[in-house]
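Below is one structure, written out as structure tokens; comments come after it.
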Amino acid sequence: MTTVATMAGERAGTAKPATMAQALGRALRDSMAEDPTVHVLGEDVGTLGGVFRVTDGLAKEFGDDRCTDTPLAEAGILGAAVGMAMYGLRPVVEMQFDAFAYPAFEQLISHVAKMRNRTRGAMPLPITVRVPYGGGIGGVEHHSDSSEAYYMATPGLHVVMPATVEDAYGLLRESIASDDPVVFLEPKRLYWSKAAWSPDAPAAVEPIGRAVVRRSGRSATLITYGPSLPVCMEAAEAATAEGWDLEVVDLRSLVPFDDETVAASVRRTGRAVVVHESSGFGGPGGEIAARVTERCFHHLEAPVLRVAGFDIPYPPPMQERHHLPGVDRVLDAVARLQWEADN
Amino acid sequence: MTVQELPGAAAYRPTPPPAWKPLTDPAPLLPDPEPYRVLGTDAAADVDPELLLRLYGELVRGRRYNTQATALTKQGRLAVYPSSTGQEACEIAAALVLEERDWLFPSYRDTLAAVARGLDPVEALTLLRGDRHTGYDPREHRIAPLCTPLATQLPHAVGLAHAARLKGDDVVALAMVGDGGTSEGDFHEALNFAAVWRAPVVFLVQNNGFAISVPLAKQTAAPSLAHKAVGYGMPGRLVDGNDAAAVHQVLGEAVARARRGGGPTLVEAVTYRMEAHTNADDATRYRVDSEVEAWRAHDPIRLLERELTGRGLLDEDGIGTVREAAERMAAGLREQMNADPVLDPMDLFAHVYEEQTEQLREQAARLRVELDAEHGESGAEEGR
Ligand SMILES: Cc1ncc(C[n+]2csc(CCOP(=O)(O)OP(=O)(O)O)c2C)c(N)n1
């Protein structure tokens with residue numbers, strides 16, 4: 001029998017280890033419970049609970065009309081979500097994998113991103129598009145793309161990427177509550193990462209659009225997000241052996257972009273490396289480096305460097321470790337900041 | 001209020017709009033009400049016994065391939081395997097019905113069709129093993145890469161068939177897709193193009209009941225998937241997908257029709273996926289054992305075996321010989337798959353463009369340095 005003490009503990013929200021996938025599921029559940037206009041739709045989100053089980057239990061709790069297994073058609077799913085949102089619902093769409101969102105690009109770019117603008121503010125679309133994204137899970141072709149550059153290049157969309165369990169919950173709650181469309185990129189390889197977290201009293205997080213300093217330091221800033229955050233944290237620890245005291249900034253969203261936090265950090269440290277796993281050329285790092293340079297030119301003691309995936313189609317799983325930027329590549333970039341540091 | 005009731009419109013008699021006439025007669029395009037069958041019916045007597053025996057051999061080999069590949073996932077030798085156990089009749093018929101010059105456009109589940117068409121069993125698995133996206137030269141085998149994004153191979157099949165026809169080649173393309181894939185926009189666009197162009201394409205829908213967890217009833221409200229053909233102006237054919245002779249015959253007729261310029265056909269083969277979606281899926285979440293068992297009684301190998309033994313075309317010895325051949329294939333596959341593939345990381349940069357860009361050359365050089373350092377370190381460790 002459950003003791004009174006543990007029940008009270010549960011009510012008070014005793015933190016227990018929770019995975020990012022569980023926190024995301026809880027965010028969906030809580031949003032649906034609070035707001036009857038929130039609807040979840042996608043492939044296999046109902047009976048199966050999604051291929052990553054993020055939507056597990058929602059169809060049971062809220063019924064098929066609130067958590068719907070759709071026909072297998074991404075353009076149709078997102079297009080239908082547009083209509084649902086036009087009629088006052090708040091659809092949360094699941095794209096099964098990053099590369100399978102591409103059939104829906106026409107809807108996303110021509111309609112989801114532009115409806116507010118086209119209707120001069122009369123018709124905002126509160127749609128959240130959840131996309132399990134990125135590599136590192138040994139997926140075969142088309143299961144590991146990092147597509148954030150396409151999304152961030154489209155005005156009208158928010159692009160949000162949690163890297164921690166707390167943020168997974170907090171940012172998804174806010175995305176669903178947002179009256180603007182949000183592309184919510186869920187780093188697949190962090191789905192099973194755990195943190196002590198309480199579903200009943202979730203820790204408050206910074207809102208969408210604010211970057212967070214995850215580790216403070218003095219000698220250089222690592223600017224990163226999503227799946228690359230743990231890599232950067234590890235690199236920062238390892239770099240202490242070389243006498244580097246690295247600051248790590250987790251962007252948490254690419255759109256809006258938090259220029260203030262990033263610039264303040266780089267002004268303090270004088271050096272910056274941008275780290276992400278999507279291809280470098282035409283990737284988010286270029287935009288970020290340009291912004292940092294524009295704001296911090298006189299504070300910079302070395303060029304802003306980028307550590308990114310290669311400019312190749314995502315490799316087969318047996319070769320993906322060569323493509324994904326790991327700790328060594330980050331440290332190597334940090335070392336390349338050295339020549340200026342020595343002057 | 002109807003039009004007739006409008007004041008002053010009493011004399012109005014509805015007629016079709018002036019320009020309207022049916023573009024095509026829908027009646028011949030409609031599928032039969034029930035899936036077409038051959039085994040166990042009078043029609044079986046007309047089938048060449050050689051063909052039945054060939055189909056049987058390939059079916060048994062295919063089943064063994066599926067079980068072997070699934071076993072390899074458990075040993076970590078394959079990243080993932082979407083088994084086609086239960087669907088072998090469709091897979092084999094699709095491969096055998098084509099001439100050498102024809103093209104096959106398989107989906108990720110159709111490894112077996114590719115192998116039955118002559119692809120090396122190991123080469124066919126590179127995608128699923130994870131060493132290469134496509135381990136074979138599609139032109140050499142006239143098999144397009146196993147396609148993961150659903151239905152996207154269908155417009156390719158249409159384009160290829162159309163191009164062949166423009167060149168005066170009597171090549172046919174056979175494109176395979178699942179029941180779930182028929183909901184994708186690409187499916188509709190492919191069928192429409194094919195029909196308008198009268199492209200020599202055969203679309204084979206393997207309706208195995210589920211798209212991962214989603215049953216057919218949540219995928220479509222059409223009377224059958226074969227009925228979808230009518231709307232595009234092509235014939236729809238419904239066939240028992242576990243009846244190898246029937247699938248072979250229906251596809252054969254569709255291929256012949258395409259080859260003589262008669263245009264595309266949509267074939268729906270009604271079958272069942274006996275295993276989970278892939279080894280990573282838990283099928284108990286969305287289906288019940290009794291359904292699986294009902295389909296087990298309609299197993300494609302058993303159906304054919306019964307026909308062949310009943311007619312004295314096959315006996316225990318014959319079955320034994322076929323099984324031994326399948327075992328040999330499985331042993332060979334096992335052995336080859338147990339060897340680690342030798343991969344060159346420089347391959348990552350080799351095939352992005354015809355000529356490597358300066359950036360890719362730089363990136364390749366950087367990786368080379370990293371790899372050398374890695375090897376240097378491990379070499380040093382060994383020396384210690
Ligand atoms: C465009 C696209 N969306 C989603 C997926 C993920 N996915 C892979 S297989 C599958 C189900 C396919 O079902 P069906 O077409 O019936 O083929 P079957 O697996 O039954 O052979 C899904 C949703 C995908 N591969 N491509």
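Just a few scattered comments:
- Cleavage-rule hits, trypsin sites (Lys or Arg not before Pro), the stretch A:104-170, DSSP coil, Cβ neighbours within 10 Å at most 11: A:120
- Ratio of Rg to Rh over the stretch B:62-133 (Cα coordinates, Kirkwood Rh, two decimals): 0.96
- The stretch B:283-330 pair-distance distribution - Cα-Cα, 5 Å bins, rounded %: 5, 17, 17, 17, 16, 13, 10, 6, 1
- Spatially proximal aspartates and glutamates relative to residue B:218 (Cα-Cα < 13 Å; intrachain offsets below 8 disregarded): A:43, A:44, A:64, A:65, A:69, B:179
- Inter-probe distance in nm under a simple model that places probes 7 Å from Cα toward Cβ, at residue B:256 and residue B:335: 4.2
- Centroid-to-centroid, using Cα positions, the stretch A:310-325 and the stretch A:176-197 are 24 Å apart.
- For the stretch A:20-156: span of alpha carbons on each principal axis (Å, largest first): 40, 35, 25
- Spatial separation of Cα centroids for the stretch B:67-127 and the stretch B:175-242, in angstrom: 21
- Between residue B:344 and residue B:319, full extension at 0.36 nm per residue minus the direct alpha carbon distance yields a gain of 4.7 nm.
- Cα-based radius of gyration of the stretch B:254-318 once divided by 2.2 N^0.38 Å, which approximates compact folds: 1.67
- The order of the peptides A:260-266, A:177-183 by mean Cβ neighbours within 10 Å, most packed first, is A:177-183, A:260-266.
- Surface share of carbon and sulfur [accessible, 1.4 angstrom probe, percent] for the stretch B:166-289: 53
- Translational diffusion coefficient (Stokes-Einstein; Kirkwood radius from C-alpha pairs) of the stretch A:229-277 at 25 °C, 0.890 mPa s, in µm²/s: 208
- For the protein assembly as shown, alpha-carbon Rg relative to the globular expectation (2.2 N^0.38 Å, N residues): 1.07
- Solvent exposure, largest accessible area first (probe 1.4 Å, DNA, RNA and ligands not counted), of A:100, B:193: B:193, A:100
- Over 27 Å (Cα to Cα) - which of A:114/B:228; A:60/A:188; B:21/B:167; A:16/A:188 fall in this group: A:114/B:228; B:21/B:167
- Cα-based Rg of the stretch A:294-343 normalised by 2.2 N^0.38 Å, two decimals: 1.49
- Shielding of A:43-51 by partner chains, average beta-carbon count, 10 Å: 6
- Distance from the stretch A:145-167 to the stretch A:219-255 (C-alpha centre basis), Å: 18
- With 40 Å² as the minimum drop in accessible area between chain alone and full protein complex (1.4 Å probe), the qualifying residues in the stretch B:217-237 are B:218.
- Ordering of A:137-149, A:186-198 by burial proxy (mean other Cβ atoms within 10 Å per residue, highest first): A:137-149, A:186-198
- Qualifying trypsin sites (Lys or Arg not before Pro) in the stretch B:128-227, where qualification requires a DSSP coil assignment and no more than 14 other C-beta atoms within 10 Å, comprise B:167.
- Counting Cβ atoms of other protein chains within 10 Å of each Cβ in A:265-273 and taking the mean gives 0.
- Three-way shape call for the stretch B:121-218 based on the alpha-carbon gyration tensor, with the a/c threshold at 1.5: oblate
- Kirkwood analysis of the Cα pair distances in the stretch A:57-121 returns a hydrodynamic radius of 12.8 Å.
- Accessible surface of the stretch B:1-101, 1.4 Å probe, proportion on carbon and sulfur as whole %: 57
- The stretch A:99-201, relative contact order [Cα under 8 Å, separation at least 6], %: 33
- Inter-probe distance in nm under a simple model that places probes 7 Å from Cα toward Cβ, at residue B:285 and residue A:120: 4.8
- The dipole here belongs to the protein assembly as shown: it is taken about the Cα centre, uses +1 on the Cβ of Lys and Arg and -1 on the Cβ of Asp and Glu, and is about 1440 debye.
- Over all pairs of different C-alpha atoms, chain A has a mean inverse distance whose reciprocal, the Kirkwood radius, equals 20.7 Å.
- Our summary gives chain B a relative contact order of 21 percent, counting only alpha carbon pairs under 8 angstrom and 6 or more residues apart.
- For the stretch A:170-216, the fraction of C-alpha pairs more than 17 angstrom apart is 51%.
- Pairwise Cα distances in chain B exceed 27 Å in 55 percent of cases.
- Peptide A:316-324 is shielded by partner chain Cβ atoms: per residue, an average of 6 of them sit within 10 Å of its Cβ.
- The stretch A:96-228: radius of gyration and largest Cα-Cα distance (Dmax), Å: 15.9, 48
- Förster radius 41 Å - calculated FRET efficiency between residue B:309 and residue B:163 (Cβ-Cβ, nearest 0.05): 0.35
- Computed across the stretch B:1-138, the Kirkwood hydrodynamic radius from all distinct Cα-Cα pairs reaches 19.4 Å.
- Taking the stretch A:47-158 and dividing mean pair separation by its residue count, relative contact order in percent (alpha carbons under 8 Å, at least six apart): 24
- Charge dipole (the stretch A:28-107, unit charges on Cβ, about Cα centre) - positive-most of A:28, A:73, A:50: A:28
- A Cα-only calculation for the stretch B:172-285 places Rg and Dmax at 14.3, 47 Å.
The values are calculated or read from the model by the stated rules, or taken from the named source; none is laboratory data. Predicted model, so just to flag it, every value in this text is computed and none were measured. Using ideal geometry, Cβ is built from the backbone for each residue, glycine included, and neighbour counts are taken over all protein chains shown. Just the protein is used for accessible areas: all its heavy atoms, side chains included, with ligands, DNA and RNA removed. Shrake-Rupley method; radii C 1.70, N 1.55, O 1.52, S 1.80 Å.
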